[in-house]
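Read-outs: derived from the displayed coordinates by stated rules, not from any lab. Note that the structure is predicted; figures quoted are calculated from it, not measured. Note that each Cβ is placed from the backbone with ideal geometry, even for glycine, and that neighbours are counted across all protein chains shown.
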Amino acid sequence: MNAPLSRCADPYPRDGLNAVYSSSGSSLDPNHVADDARLTAEVRAVVASARRRAIRDGDRLVDTAHLLHSLLELDPAAREACDAGTGQVARVLGYLVQRSIGYGLRWSGSVEDSGTLPVIAGPVSGWSPAAAVAVSRAVALAKRRGRTQADGVDLFDALAADPDCRAVEVLHIAGFDVSGYRDEGPVAS
């Protein structure tokens, strides 16, 4: 069994493969997510939508903001986790929509690597390091929660747990408080 992800230990083998390793078992290949049974059909649709969004925006890599945008558009449970009756989801989506016409233009041509997550050995084709790890962490969260498939809430929690990723930057600007999120998901209050 692989060791849990941590900032202190480097759980990623230096084999140069385009895969993300997690504590949830075998590697997750972000280039073939549609075939990964550890993700619900909804999360696989979110990932496919995020790829299309990145291409449409002229970005080389899918980043966490692409994932968040697609997640909030396609997954009602993740939208509810973000909104919680506050109306914040509309503000978050508003900022995400502005990405290609203003907000987020400073990200253009740069690689998202928040530095708070473990570094991935070798490139993960088409993915920012933070986005690739977020998908892998969603799988690990689902396993810790006793499920075999990661759903949209697992992915939302994995995104919100990285305080320096682009998705969290958007959430902060929209007024969403991510201070209660950790690697294992929201901290129980």
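The simple spin-label model puts a point 7 Å past each Cα toward its Cβ; for Arg147 and Ala48 those points are separated by 2.0 nm.
Extending 7 Å from Cα along the Cβ direction at Ile55 and again at Gln88 yields two label points whose distance is 3.3 nm. Each residue of segment 52-59 is assigned a 3J(HN,Hα), and the resulting list reads 4, 4, 4, 5, 4, 7, x, 8 Hz, derived from the Karplus form 6.51 cos²θ - 1.76 cosθ + 1.60 (θ = phi - 60°), x at Gly and Pro. Remark on Ala150: its backbone amide H falls under 5 Å from those of Leu39, Thr40, a criterion applied only to residues 5 or more positions apart or on other chains, H modelled at 1.01 Å from N. Using the Cβ-Cβ distance between His172 and Ala41 with R0 set to 41 Å, the FRET efficiency from 1/(1 + (r/R0)^6) comes to roughly 0.85. Sorting 40-52, 72-84 by average packing, meaning the other beta carbons within 10 Å per residue, from highest down gives 40-52, 72-84.
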